[in-house]
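The values are calculated or read from the model by the stated rules, or taken from the named source; none is laboratory data. Here the structure is a predicted model, which means the values were calculated and not measured. Here Cβ is always computed from backbone atoms with ideal geometry, including for glycine, and neighbour counts include all displayed protein chains. Keep in mind that these areas ignore ligands, DNA and RNA; they rest on the heavy atoms of the full protein, side chains included. Shrake-Rupley method; radii C 1.70, N 1.55, O 1.52, S 1.80 Å.
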Amino acid sequence: MSEYIVRAENLVKTYTTGPEVLEVLRGVRLKMRAGEFLAVTGVSGSGKSTLLHLLGLLDEWDSGTIYFDDQDVSALSAAQRDQLRNQEIGFVFQFYHLLPELTVLENTLLPTMVANSTFSWLGNRAKLRKQAMEILAQLGLADRAKHRPAQLSGGEQQRTAIARALVNKPRLLLADEPTGNLDLGTGGRILDLLEDLNANNKQTIIMVTHDPDTAGRAHRQLHLDRGRIHTSSS
Amino acid sequence: MPRHYEFFLICRYLRKKRLAIFSIVAVALSVAMLIVVTSVMGGFVRQYRQACHGFYGDIIVRADSLMGFPYYEDLIAQAEQLPDVKVATPVIKQFSLLRIDQPGFKLFVRVVSVLGIEPNGYSKITNFKQSLWKQSLLPGPPTLDLPEGFADDPKYRDSGACIVGVEVPYNRQPDGSYKRYPQLYDSPVILTILPLKRTGMIDTDVRVSHPFLLIDDSETSIFSELPPVYIRFDIAQNMSRMYAYRDIDGNEEPAKTSQVQIRVRDGADVERVRRQLQDIWQKIITVKGDPETVMVFETWDEQEGIAPLINQLEHDRALLTILFVIMGVVSIFLIFCIFFVIVTEKIPDIGIIKSVGASSAGVGRIFLAYAGAIGLLGAILGLAMGWPFVVHINAIHDWIAHTFGWRIYDPNVLVFPYIPNEVDWFAAVIIIASALVGSLIGSMIPAIRAALMKPIKALRYE
Ligand SMILES: Nc1ncnc2c1ncn2[C@@H]1O[C@H](COP(=O)(O)OP(=O)(O)OP(=O)(O)O)[C@@H](O)[C@H]1O
Ligand SMILES: [Mg+2]
């Protein structure tokens, strides 16, 4: 087992819109040990979400390397990357991104349906549902399991997204502004939850935020500025 | 290996999407329409072929002249020796005038086509007996003899018996039936035939008008320009001067007929029998001397007056099929549009599904299978609509005619009393398969587009 769960070397990411080339990341370095709780800060538009998407294998980059368990992910096949996204990484989006036609429970179970064939899913359905319900209960959503996203508050939707990210027990949790759209109290409870996951389950977490107080709850902070990482505190 | 989310999401999308229902109905309507049109048009062609075929042998050997041809007895005897030939029978075909002079038919004169037949052989080859009004249910072969009571009556000593095509004395009712006058049967009529001399000129020295007793009528659903009147072969031969004789110069004239009709065994190769008949004819004329008659060896559907109508019907059907194929292509394009909208609307979903590890193939499969399900459900629904429509098409047609006064199908134009109401299953299977393939093709491009989308691009899609 490697020292680092995830490592980024010289990550460069540009967006080309017509004649304009926007260099968002200009050589980002980052190392994450298992069990760490890291906050990435920076002003709006500094590329925090972009970085997190690259670490979550949701987008392509121009140059540099991302290692997962010392494995260069660009050397992996598409199927292996899909597998990694499904099994090892949980992603919480800034804007929740739930499937509107599915209930809270079904949204939570989606990664398990990706992991299993119909045959094995039906075989394990009771167990998988029980696990999902436990996570939902832990997040205070037990009585919302049958609701649709449209019937939920923002905080409840965010917690559903976290439940979905956790359901396959990934080793790495990536959370993009998990409290960004929430009031102080609700956001605070979500932060408590992440801290709790990190402390009790040894969950490795990378959290993006622009709020210094929120960032202060993490073990370590990285500051993103003009496309580069600046370590700010530990 | 498909994963559970594919199956789960297909079901969920099918259940939730109004667009899915519209697509299913669009496919169903196209399928139903195609099934109805091909079945009905195909049914007309088949009915017409059957009706025609029931009235001719499989092969007709004839002289290409009203003069007829000789040696037909040899031809028949040798043809019947062929293993593939069931029956061969001579038929004399002549133009004639029929005169009826009865109450209700005062000096009623028509041009008809006289058919001199041997009732026994002829009814083995054709549905002649089944077409008769009075004799069809009697046992045994039909007869063209005078009925009992007339045969011994000196008044009818010179008379033959004749059976007229039902359309000779009667007009067709709007519903396709005929109203018969019972007093017409067993009443005297006159047939006038102009016999030809050896030179092909009319023989004015012999009697041309002959008394007959009208004993029955024959109802078929084939249309001929000249309605038929059936008389006995030997009588027709005498009347048209086709019997054997020796002229004043001592020349022997052999007996002649207009045609010989041949019925082959079921499943026999008609073309082969045709060639064998041509060989037989060649041998006969090498032995007996070539009369230099132009001979025609044709199959029943090559005959003058039949081939054009069948071709017309088949052409109509082909034309309609092409029109409906175009409509099918339009339906596929509509399905493409609908799927394009469905996929576009689902792009954020695609981003989410991919972000939790779904593969491109899996996402593509969701949309393809979704389209396949829509195609299949649409085709089944289309069959469920088209099938009963075809089966009950006559009742539906009557109802429309009755309620709105539109009689779309006029039995007087085509001679069948009913619209064909059997589903053409061969065509139906092809149509259903095309609907499925069409749905898949229509959704292929959107599905591929969905599959290839990068998760983040999909999530940020506006
Ligand atoms: N698809 C894209 N095409 C072009 N430019 C993009 C695209 N996505 C992001 N950008 C640009 O890249 C920069 C970084 O965006 P990113 O979303 O990573 O910022 P962020 O740090 O997460 O900001 P915020 O705190 O507001 O969420 C922004 O200037 C943004 O306009
Ligand atoms: Mg952001």
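Both radii come from the Cα set of the range B:57-302: Rg as radius of gyration, Rh as Kirkwood radius; their ratio Rg/Rh reads 0.98. Hey, what angle do you get for helix A:154-166 against the long axis of chain A, alpha-carbon based, 0 to 90 degrees rounded to 10? With both axes taken from Cα atoms, the answer is about 90 degrees. Nonpolar atom fraction for the protein assembly as shown, defined as the carbon and sulfur part of the 1.4 Å probe accessible area, stands at 57 percent.
Only the Cβ atoms of Lys and Arg (+1) and of Asp and Glu (-1) were treated as charged; on that basis the dipole of chain B about its Cα centre amounts to roughly 3040 debye. Shown for chain B are the DSSP H helices of 20 Å or more along their axis, judged by Cα atoms, with a mean Kyte-Doolittle hydropathy of at least -1.0: B:18-53, B:270-288, B:307-345, B:360-391, B:425-452. Angle between the Cα long axis of helix A:184-201 and the longest principal axis of chain A, 0 to 90 degrees, nearest 10? Taking the Cα atoms of chain A, the angle to A:184-201 is about 90 degrees. When the protein assembly as shown is described by a simple charge dipole with +1 on each Lys and Arg Cβ and -1 on each Asp and Glu Cβ, the residue from A:Val114, B:Phe404, A:His53 located farthest towards its positive end is A:His53.
For the pair A and B, the buried accessible area comes to roughly 2500 Å² in total, with a 1.4 Å probe and the value rounded to the nearest 100. Only Lys, Arg, Asp and Glu carry charge here, each on its Cβ (+1 for the first two, -1 for the last two); on that basis the range B:185-288 has a dipole of about 520 debye about its Cα centre.
In order along the range A:84-97, phi translates into HN-Hα couplings of 4, 4, 6, 9, 9, 10, x, 10, 10, 7, 4, 10, 6, 6 Hz, rounded to whole numbers, per the Karplus curve 6.51 cos²θ - 1.76 cosθ + 1.60 with θ = phi - 60° and x for Gly and Pro.
Running Debye on the range B:36-152 with equal point scatterers at the Cα sites and no solvent, what base-10 log of I(q)/I(0) appears at q = 0.10, 0.21, 0.22 Å⁻¹? Calculated log10 I(q)/I(0) at the listed q: -0.47, -1.31, -1.34. Comparing mean-square fluctuations of A:Leu139, A:Leu54, A:Leu22 from a GNM of chain A with C-alpha springs under 10 Å, the top value falls on A:Leu22. Straight-line reach from A:Lys169: which aspartates and glutamates have a Cα under 14 Å away, not including same-chain ones fewer than 8 places off? Output for A:Lys169: A:Glu88, A:Glu134. The mean count of C-beta atoms from other chains within 10 Å of the C-beta of residues in A:108-117, rounded to a whole number, is 6.
Applying 1/(1 + (r/R0)^6) with R0 = 45 Å to the Cβ-Cβ distance of B:Phe95 and B:Ala433, what FRET efficiency is obtained, to the nearest 0.05? That gives a FRET efficiency of 0.30.
In chain B, the DSSP-assigned H stretches of four residues or longer account for a calculated mean residue ellipticity at 222 nm of -15500 deg cm²/dmol, using -39500 (n - 2.57) per stretch and the full residue count as denominator. Largest first, the extents of the alpha carbon coordinates of chain B on the three principal axes equal 109, 56, 38 Å.
Peptide B:355-368 shows a mean partner chain C-beta count of 5 within 10 Å per residue C-beta.
Each Cα pair under 8 Å and six or more residues apart adds its separation to the average, and for the range A:102-234 the resulting relative contact order is 21 percent. Listed peptides B:129-136, B:423-430 appear in the order B:129-136, B:423-430 once ranked by packing, highest mean of other Cβ atoms within 10 Å at the front.
A 1.4 Å probe run over the range B:57-302, with the rest of the protein chains in place, finds 50 Å² accessible per residue. Peptides B:185-196, B:140-151, B:374-385 ranked from most to least packed, by the mean per-residue count of other Cβ atoms within 10 Å: B:374-385, B:185-196, B:140-151.
Averaging the sequence gap over all C-alpha pairs within less than 8 Å and six or more residues apart, then dividing by the number of residues, gives chain B a relative contact order of 29 percent.
The alpha carbon centroids of the range B:265-344 and the range A:49-96 are separated by 65 Å.
So what's the gap between the Cα centers of the range B:20-57 and the range A:153-175, to the nearest angstrom? Here the two parts' Cα centres lie 57 Å apart.
Each Lys and Arg contributes +1 and each Asp and Glu -1, all at the Cβ; summed about the Cα centre of the protein assembly as shown, the dipole is approximately 2980 debye. Working from Cα pairs under 8 Å separated by at least six residues, relative contact order for chain A is 30 percent. Shielding of peptide A:95-101 by partners, expressed as the average count of other chain Cβ atoms within 10 Å per residue Cβ, is 5. Counting only DSSP beta bridges with both residues in the protein assembly as shown, what percent are antiparallel, rounded to the nearest 5? About 70 percent, rounded to the nearest 5.
Taking a straight Cα-Cα cut-off under 20 Å and skipping sequence neighbours fewer than 8 places away in the same chain, the aspartates and glutamates within cross-link reach of A:Lys48 are A:Glu9, A:Glu23, A:Glu36, A:Asp59, A:Glu60, A:Asp62, A:Asp176, A:Glu177, A:Asp211, A:Asp213, A:Asp225.
Where both residues lie in the range B:57-302, what percent of DSSP beta bridges are antiparallel, nearest 5?
Just about 80 percent of them are antiparallel.
Looking at the P(r) of the protein assembly as shown, how many percent of alpha-carbon pairs lie beyond 35 Å? Everything past 35 Å amounts to 63 percent.
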